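Participant: Below you'll find the structure I mean.
Taken together, the values in this text are just the output of simple stated rules run on the coordinates, not laboratory data. These figures come from a predicted structure and were not determined experimentally. Reconstructed Cβ throughout: ideal geometry from the backbone, glycine too, with neighbour counts over all protein chains shown.
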Amino acid sequence: MTFLQFFSRHSREILQGTLEHIWLVAVAMLLAVLIGVPLGIIVAKRPWLSKPILGGANIAETIPSLALFGFLLPVPWLGARSDRLAIAALALYALLPIIRNTAAGISHVDSAVRDAARGMGMTERQILLQVELPLSFSTILAGVRIATVLTIGIATIAAAVGAGGLGEFIFRGLAMVNNQLILAGAIPAALLALGADFLLSLLERRLRPVRA
Amino acid sequence: MANDSTNTPATPGATRNTSSGSSVAPAIEMRGVSYQLPNGHSLLCDLSLSVDPGETLVLLGRSGAGKSTALKLINRMLELTRGEILVEGKSIKDWDPIVLRRHIGYAIQDIGLFPHYTVEKNIALVPQLEGWTPDRIRARVEELMKLVGLDAGKFSRRFPHELSGGQRQRVGIARALAADPPILLMDEPFGALDPLTRGEVHREFRSLEQLMRKTIVLVTHHVGEALLLGNRIGVIDAGALVGMYSPKEFLAATEPVAAAYVANLRMYKEAEEGL
């Protein structure tokens, strides 16, 4: 049986796995952005909080992904459902690049622009919303892009805790020593990563701040 | 508190050639002002001066002498360490910093135009913050662009990076004037311009009716600019005010820093005469 035959015979399951995969990644990324961008702003604005925040995100990043899924298992509400668990773990991984890029984007806003904004009587909040965030948007988006590609890869491991997704095929393939099964998970995952990277890079290019 | 853009004088008794001892209450008064960095390093020491309504005071000095610091203390971009500053008779501590800053136009050397805003939106910034109606803002922007010599039809939709240095500077000045603040602080506003463009902007600047009645504190290290634009020239050296002159007095000053500036000016003149 050729790979293509195999692929078409299992196309429904593969599609199902892909959709599960997208769901896991999308929810995790949404959470990571909602948490990571505000944390990045704090890192840029409150230097004394930047060490603990970046340190925490760094530690989350260094825990091997399989172990992180394991660590979160006993957490009461999270451990109750495998997709919850997977999403929380994925969001934790996605946090660091988002926090870092948000902080970098904001602290790289030209100090003359910030000075002028303050001197003309903009409040801190107005400066953040009307000047700093719009000017760092493409940098933040670059962080989201890196995190998304990373998360699509790591999400294959979510199958280990039964959260579904394309990792199912890979784990089954490994257990049955069946390369076609492994590829049925790996190829769509790789295509997803490439596609997400491409789409987000398009968006990023369109939103790149104009150079002074 | 937004001032209207009609031609009523911003302040009674606004005169271009003021002498000390005028009876009008000063627009800005600094009394024994000092500023120290948190590490104890002193940038300004016991600075006292007053600026009359409608007057242009130039602060002249070397880079790092403390001129910009003095300016930033007035609109509370920096908080003074000792002394007192009064703006229109009221201590700046009693002003809300945001209200104070919107009452005072601010133009800086690097201009600080918002790169993601068009020329139009940049100029409209303070009126927008003050909640003007769109019609009033549009009319004001058009008026200001004409005032600083920019064709509104051609430039209003451009972004700052599509302008030359001189054009950007003009937009910066228009922006500082937008809500018609009675007081203007200008920190090397023409500093980044080449000599010819600088000259053109100087000439325009002097002829701007709207600037005549404003109280202006202008910081520069350019003697020619100081003589051309100032009603009075305050010389700042190493964080202290070492002299206050009319342009005429300045040319005859014996105080070493002022004299050095005059000598510097003469050096170029003599070079020219020697040819």
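Participant: Below 16 Å, Cα to Cα, which aspartates and glutamates can B:LYS72 reach? Residues fewer than 8 away in the same chain don't count.
Facilitator: Result set, ordered by chain and number: A:ASP115, B:GLU29, B:ASP46, B:GLU84, B:ASP96, B:ASP110, B:ASP187, B:GLU188.
Participant: Straight-line reach from B:LYS154: which lysines fall under 27 Å, measuring Cα to Cα and dropping same-chain residues less than 8 apart?
Facilitator: Of all the lysines, those that pass the test against B:LYS154 - Cα under 27 Å, at least 8 places apart if same chain - are B:LYS121, B:LYS146.
Participant: Taking 22 Å as R0, compute the FRET efficiency from the Cβ-Cβ separation of A:ARG208 and A:LYS45 and round it to 0.05.
Facilitator: Efficiency computed from Cβ-Cβ geometry: 0.40.
Participant: In whole percent, what relative contact order does chain B give with Cα contacts below 8 Å and a gap of six or more residues?
Facilitator: 26 percent
Participant: Between the alpha-carbon centers of the range B:180-234 and the range B:27-93, tell me the distance in whole angstrom.
Facilitator: With the range B:180-234 and the range B:27-93 each reduced to a Cα centre, they are spaced 19 Å.
Participant: Say we join alpha carbon atoms closer than 10 Å with springs in a Gaussian network model of chain A; which of A:PRO74, A:PRO134, A:PRO188 then has the biggest fluctuation?
Facilitator: A:PRO74
Participant: Using +1 on the beta carbon of Lys and Arg, -1 on that of Asp and Glu, and nothing else charged, what's the dipole of chain B about the Cα centre, debye to 20?
Facilitator: 400 debye
Participant: If you average the sequence gap of Cα pairs under 8 Å that are 6 or more apart and divide by the length of chain A, what percent do you get for the contact order?
Facilitator: Relative contact order of chain A: 26 percent.
Participant: How big is chain B in terms of Cα radius of gyration and Dmax, in angstroms?
Facilitator: Taking only Cα atoms of chain B, I get Rg and Dmax of 18.7, 59 Å.
Participant: Let me ask something additional. With a cut-off of 8 Å between alpha carbons and a minimum separation of six or more residues, what is the relative contact order of the range B:119-261 in percent?
Facilitator: 18 percent
Participant: Now a separate question. Please pull out the direction-averaged projected area of the range B:69-142, using the convex hull of its alpha-carbon atoms, in nm² to one decimal place.
Facilitator: Result: 6.2 nm².
Participant: Based on DSSP H assignment, which helices of chain A show an axial Cα extent of at least 18 Å together with a mean Kyte-Doolittle hydropathy greater than or equal to 0.5? Write down the numbers at each step before the final one.
Facilitator: Numbers: long enough: A:11-45 (50 Å, 1.48); A:47-62 (23 Å, 0.18); A:82-107 (38 Å, 1.08); A:133-154 (30 Å, 1.70); A:179-207 (41 Å, 1.19).
Counting only whole DSSP H runs, the qualifying helices are A:11-45, A:82-107, A:133-154, A:179-207.
Participant: Given the options B:SER50, B:SER207, B:SER34, state which has the largest fluctuation in a GNM of chain B using a 10 Å cut-off (strictly under) for Cα springs.
Facilitator: B:SER207
Participant: What is the ratio of the Cα radius of gyration of the range A:168-212 to 2.2 N^0.38 Å, with N the residue count, to two decimals?
Facilitator: Dividing the Cα radius of gyration by 2.2 N^0.38 Å gives 1.86.
Participant: Using just the helices of chain A, give the 222 nm mean residue ellipticity in deg cm²/dmol: DSSP H runs with n ≥ 4 each add -39,500 (n - 2.57), and the total is spread over all residues, rounded to 500.
Facilitator: -26000 deg cm²/dmol
Participant: Please report A:LEU19, A:LEU96, B:LEU251 as a ranked list, fewest other C-beta atoms within 10 angstrom at the top and most at the bottom. Present the calculation step by step, with values, prior to reporting the outcome.
Facilitator: Numbers: A:LEU19 13, A:LEU96 24, B:LEU251 17.
Ordered by Cβ neighbours within 10 Å, fewest first: A:LEU19, B:LEU251, A:LEU96.
Participant: Convert 20 °C to kelvin, take the viscosity as 1.002 mPa s, use the Kirkwood radius over C-alpha pairs of the range B:57-182 as Rh, and evaluate the Stokes-Einstein diffusion coefficient in µm²/s, rounded to a whole number.
Facilitator: Numbers: Rh = 15.9 Å.
Estimated diffusion coefficient is 135 µm²/s.
Participant: Which translational diffusion coefficient, to the nearest whole µm²/s, is obtained for the protein assembly as shown from the Stokes-Einstein equation, given a Kirkwood hydrodynamic radius over C-alpha pairs, 25 °C and 0.890 mPa s?
Facilitator: Approximately 93 µm²/s, per Stokes-Einstein.
Participant: Dividing the alpha-carbon Rg of the range B:134-272 by 2.2 N^0.38 Å yields what?
Facilitator: Relative to the 2.2 N^0.38 Å estimate, the range B:134-272 comes out at 1.21.
Participant: Suppose we take every Cα in the range A:145-195 and form the convex hull; what volume per residue is that in Å³? It would help to have the intermediate numbers written out before the result.
Facilitator: On the way: hull volume 3.0 nm³, N = 51.
Roughly 58 Å³ of hull volume per residue.
Participant: Oh, and also: Return the Cα extents of the range B:212-252 along principal axes one, two and three, sorted largest first, each rounded to a whole Å.
Facilitator: So the three principal-axis extents are 30, 22, 16 Å.
Participant: Among the trypsin sites (Lys or Arg not before Pro) in the range B:18-120, which ones are in a DSSP loop with at most 15 other Cβ atoms within 10 Å of the Cβ? Mind listing them?
Facilitator: On the way: sites: B:ARG31, B:ARG62, B:LYS67, B:LYS72, B:ARG76, B:ARG82, B:LYS90, B:LYS93, B:ARG101, B:ARG102; in loops: B:ARG62, B:ARG76.
Passing sites in the range B:18-120 are B:ARG62.
Participant: Something else now. Mind checking the dipole of the range B:108-260: about its Cα centre, +1 per Lys or Arg Cβ, -1 per Asp or Glu Cβ, Debye to the nearest 20?
Facilitator: For this selection, approximately 440 debye.
Participant: Ok, one more. When the gyration tensor of the range B:55-111 is built from Cα positions, what are the square roots of 5 times its three eigenvalues, in whole Å, from largest to smallest?
Facilitator: Ellipsoid half-lengths, sorted descending, are 20, 14, 11 Å.
Participant: What full-extension length gain, to one decimal in nm, is calculated for B:ALA192 and B:SER91 as 0.36 nm per residue of separation minus the Cα-Cα distance?
Facilitator: On the way: separation 101, 0.36 × 101 = 36.36 nm, distance 3.33 nm.
Full extension of this stretch gives 33.0 nm more.
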